[in-house]
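The structure under discussion appears below in the form of structure tokens.
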Amino acid sequence: MCGIVGACRADNGVRQILLRGLTTLEYRGYDSAGLAFVGDKNVQRLAVAGRVAKLRQITKITDGSTGIGHTRWATHGAPDEHNAHPIAVGQVALAHNGIIENHAELRRELTDAGRVFHTDTDSEVAAHLLDMALADGDDFLTAMRRTAAKLHGAYALVAVAAGNNSIAFARDGSPLMAGTDNKNGFFVASDAQALNGIAHRALYVEDRHCGLISTAGITLVTTDGETAAQNWQPLPSGSETVLLGEHRHFMEKEIFEQPDAIAAALQHHLPKHQLSLRHFGNGATSLFKRTRQVVIIACGTSYHAALIATYWLRNFGIPCRAAIASEYRYCPDKLAAGVLAVGVSQSGETADTLSAMRTAKSAGATTVALVNVPHSAMAREADLLMLACAGTEIGVAATKSFTAQLTQLLILTLALTKARNVLAPAQEEDTLMQLRQLPYLMRRALLIEDDIRRWARVFAGADSALFIGRHTHYPLALEGALKLKEISYIHAEGCAAGELKHGTLALVDKRVPIVGLAPDNELLPKITSNLAEVAARDGRLFVLAGEKFDMPATDTLRLQDGGNFLSPLIYAVPLQLLAYHTALQKGTDIDKPRNLAKSVTVE
């Protein structure tokens, strides 16, 4: 969601570094932006409602050797200039990611103490607390520690103060990292992307830690003031992965990257196309043998991947359920020995999923993080790590991360069944052979793009749409509906086909386009009957089907679906293309849809 970047350099200004970092973080979603530079007697703040390009225009003659920048996704207060971060109070300017849950109580206390508030944000209370601590005579780091200790909720804080060429920071629940160029520069950021090509080493700040960077180095302590260990790691450059190239949008680029992304993931997790439990790490074999139940915790698109995986695991007799992370925390399972809790998140920083995974771990479950970012909070905290290997994903609407997650969840399914001796050698070889065909089959699915454009012209003129499927294609129908509404702003609903007659048929008429998913599997006669129910009520059907589907007077596109396991991954591709081309017809902001953010780091 919100983005943070800060820089201290000894030899020249930091303006271009901050603007470059904020531009890189635009993919996270935001509605205002700002910068603050340190001066001898004050802090100069510049802020705009809107894009970083607008901020760049008003900062052409402003610079300094120490500064911070922020892109804000509004939570408390409208997305306007006076609510934009950094927030200036007295001698400090502060940027905040997250939500301060006790802000109302703190605001009352500060108002009673004579403090005057100028924004509608929850974050301003932190700026006042920090300014008060400095006025009391605290050094900058102590002032930040005192401030952080009074906050409840999730936060990543960075701040600068007049006459002080350093940046104080604190983290609890929202991602934050420090970096260095190994020369004369130190940096902070909420996302490693912001420091690509700038920093060479990174330090990932843990929860309840505070610190101070300057050109002299970094100090890192706990909120209680104890010295904390500094675990620096190389920061590989990934700037080449975020170039748009010949594509119009990152979403389009990432849809077409899926065959190569899946091929890379298979090469990483199935070396020599063989399933080896040792690849999961020490102790994985015995752990998987002891596993009696699987709980998959996720949000949004990742939750739809989790739902599909439950069908796979149950197919092999392994009890499994998928849980929406934001709900799981408040109604957790009574976990016993042998429970595997799998947290699924593209960023590895999704606040609800991280919290729910911690809840499961505290209840006795063994945790697995399936993430796309290797140094994320979920990756660091889980007992086992699975990397999605999707590569950098910029578009807010998840595409290649979804199919990469599905691929890894299928591999995890095979590993669990192999460890429990449920998977016969012939069945293992057959499934692995299907997986080897997956990149090819996904490329074939991309070939129907011209027909999808034709469909999109119809959907772009609709006010509502339905997606229906059965078995693993029911969660895929949910995902197809989510994609359409995310970027085209058309209301869409996914439905289990057998549930149509229990209410959803009331929505069917000739004005509502309906996508049916009809793969070649044992439920084909059932879904065909459900689609006939729709046709009988003047529903306008658009069907994605295998070769065996036979229903006259339907607009049908054929797919080679690769068998029961791979079918959801293949059918996901045209659903993504449909959402993309519908949004293209409507002229919406495809990569940065309104009100949404790429990395959801608040609950």
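To the nearest ten degrees, helix 300-315 and the longest principal axis of the Cα atoms of the chain are 40 degrees apart. Taking a ≥ b ≥ c as the square roots of the eigenvalues of the alpha carbon gyration tensor, the range 335-474 is oblate, as a/c is not under 1.5 and a/b does not beat b/c. First check a/c for the chain, with a ≥ b ≥ c the square roots of the eigenvalues of its C-alpha gyration tensor; if it is under 1.5, answer rounded, and if not, answer prolate when a/b is larger than b/c or oblate otherwise. Verdict is prolate for the chain. What trypsin sites (Lys or Arg not before Pro) does the range 190-270 have in DSSP loop regions with at most 14 other beta carbons within 10 Å? Counting only loop positions with at most 14 other Cβ atoms within 10 Å, the trypsin sites (Lys or Arg not before Pro) in the range 190-270 are R248.
For the range 427-467 and the range 202-218, what is the centre-to-centre distance using only Cα atoms, to the nearest Å? Going from one Cα centre to the other spans 45 Å. Here is the list for the range 58-140: trypsin sites (Lys or Arg not before Pro) lying in DSSP coil, each with at most 12 other C-beta atoms within 10 angstrom of its C-beta, are K60. Listed from fewest to most Cβ neighbours within 10 Å, the set R540, R457 follows the order R457, R540. If amide hydrogens are placed 1.01 Å from N in the peptide plane, which non-local residues have theirs closer than 5 Å to the one on G153? Amide H neighbours of G153, under 5 Å, 5+ apart: E101. How far is helix 449-460 tilted, in degrees, relative to the longest principal axis of the Cα atoms in the chain, given as a value from 0 to 90 rounded to the nearest 10? Roughly 70 degrees between the two axes.
Taken as Cα centroids, the range 473-494 and the range 238-314 sit 21 Å apart, rounded to the nearest whole angstrom.
Taking amide H positions as modeled 1.01 Å from N, with prolines and chain starts lacking one, no residue 5 or more places away or on another chain lies under 5 Å from Q346.
Could you give the angle, 0 to 90 degrees to the nearest 10, between helix 124-135's Cα long axis and the longest principal axis of the Cα atoms of the chain? Helix 124-135 sits at roughly 30 degrees to that axis. Of the GluC sites (Glu not before Pro) in the range 423-527, the ones in a loop by DSSP (not H, G, I, E or B) with at most 14 other beta carbons within 10 Å are E522.
Helix-only arithmetic for the chain: the sum of -39500 (n - 2.57) across DSSP H runs with n ≥ 4, divided by the residue total, places the mean residue ellipticity at 222 nm at -11000 deg cm²/dmol. With θ taken as phi - 60° and the Karplus curve 6.51 cos²θ - 1.76 cosθ + 1.60 applied, the whole-hertz 3J(HN,Hα) list for the range 387-403 is 8, 5, 6, 7, x, 4, 10, 9, x, 4, 6, 5, 10, 5, 5, 5, 5 Hz, x standing for glycine and proline. For the range 36-88 and the range 392-413, what is the separation of their Cα centres, given in Å? Result: 35 Å between the Cα centres.
In percent, rounded to a whole number, the relative contact order of the range 449-586 is 30, using alpha-carbon pairs under 8 Å and six or more apart.
With the largest listed first and rounded to whole Å, the semi-axes of the equivalent ellipsoid of the range 449-586 from the Cα gyration tensor are 20, 17, 13. The share of Cα pairs per 10 Å bin across the range 245-446, counted from zero up to the longest distance, runs 9, 37, 37, 15, 2, 0 percent.
Annotation: the antiparallel percentage among DSSP beta bridges lying fully within the chain is about 60. Classification of the range 3-241 by its C-alpha gyration tensor yields a rounded form. The axis ratio a/c (a ≥ b ≥ c) stays under 1.5.
Bear in mind that the values in this text are calculations on the coordinates, not laboratory data. None of the values given here were measured: they were computed from a predicted structure. Methodologically, a virtual Cβ is constructed for each residue, glycine included, from the backbone with ideal geometry; neighbour enumeration extends over all protein chains shown.
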